[in-house]
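Q: For reference, the structure I am asking about is given below.
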Amino acid sequence: MDDATNEPSSMFFVEEEGTMSSLRGVREVIESRGLFSSVYSDRGSHYWHTPEAGGQVDKQNLTPFGQTLKRLGIERMAAYSPEARGRSERLFRPHQDRLPRERALAGITDLADANRYLSEIYRSAFNAEFMPPAMEEGRAFVGWIGGALDDLLCERFERSVGNDHGVSFEGMKWQVPADRHRCHYVKAKVAVLRRTDHTLAILHGPRKLADYDQAGNVIPLNLKAAA
């Protein structure tokens, strides 16, 4: 939700809210509007670690979502009461009231059709009715010039390469292909990136060693770049 106009900059249905859906929302805003300076959110576990229930969030021990926004230079603020989220709650209320009825009238029963309805019909109609003009001219978004967002808007995990030249990640083994830069990567520290499209990448320092599909197959780098 844009702070100046209340305009929803990204809307879509998902089975369950979490890190990936939040990163997808950030990506849609950056691609359509540009980079923003700050974001205000509730204290959901994918946004913040909260050591004590109902207590202060931990601003040092960051979640994958928090790490991503830090890399982008986006400030984060946590809401501590329903009143602090008043504007967003007031905006959600008409969505929660109207969307179930409109979906029923349109005969929408699956996720893909619901998201198509959101992007093609609902959002523009809602914004035309409820979006007030900004009080000041200009825009606070900064045009994105940082290149592809795939390897920034993702979850990042640290791993070590095993003796079999593979990286263990969530019950699977991701084989690191041989390259001309080193004889091998056994015991090397690497970063595993899981993107919003659920493809993976393994990086050694700044160098990408490989991209992988969800089944663990290596995607040739030229094909990933073309996609």
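Q: Which order do 119, 38 take by accessible area at a 1.4 Å probe, largest first?
A: I get 119, 38, largest accessible area first.
Q: Sticking with this one: Grab the alpha carbons of the chain, take their convex hull, and tell me the volume per residue in Å³.
A: So the per-residue hull volume is 169 Å³.
Q: Note down the accessible area of residue 1, probe 1.4 Å, to the nearest 10 Å².
A: 90
Q: Distance between the C-alpha centers of the stretch 85-130 and the stretch 148-197? Whole Å please.
A: So the two Cα centres are separated by 40 Å.
Q: How many percent of all Cα-Cα pairs in the stretch 18-140 sit more than 20 Å apart?
A: So the portion of pairs separated by more than 20 Å is 58 percent.
Q: How many Å² of accessible area per residue for the stretch 119-227, probe 1.4 Å?
A: Accessible area per residue, the stretch 119-227: 63 Å².
Q: Express the carbon and sulfur contribution to the solvent-accessible surface of the chain as a percent, rounded to the nearest whole number, probe 1.4 angstrom.
A: 52
Q: Round to the nearest 10 and give me the degree value, 0 to 90, for the angle of helix 86-106's Cα axis relative to the longest principal axis of the chain.
A: 90
Q: Follow-up question, since we're still on this one. Probe of 1.4 angstrom, ligands and nucleic acids ignored: what's the accessible area per residue over the stretch 29-109, in square angstrom?
A: That works out to 62 Å² for each residue.
Q: What does the charge add up to near residue 127, with Lys and Arg as +1, Asp and Glu as -1, over the other residues with Cβ less than 12 Å from its Cβ?
A: That sum, taken over residues with Cβ under 12 Å, equals -2.
Q: Leaving ligands, DNA and RNA out of it, work out the accessible area of residue 110 with a 1.4 Å probe and give it in Å² to the nearest 10.
A: It works out to around 70 Å².
The values are calculated or read from the model by the stated rules, or taken from the named source; none is laboratory data. This structure is a prediction, so every number in the text was calculated from the model and none was measured. Quick reminder, even Gly has a Cβ in these numbers, built from the backbone with ideal geometry, and neighbours come from all protein chains shown. Remember, those area values only see protein heavy atoms, side chains included, never the ligands or the DNA or RNA. Shrake-Rupley method; radii C 1.70, N 1.55, O 1.52, S 1.80 Å.
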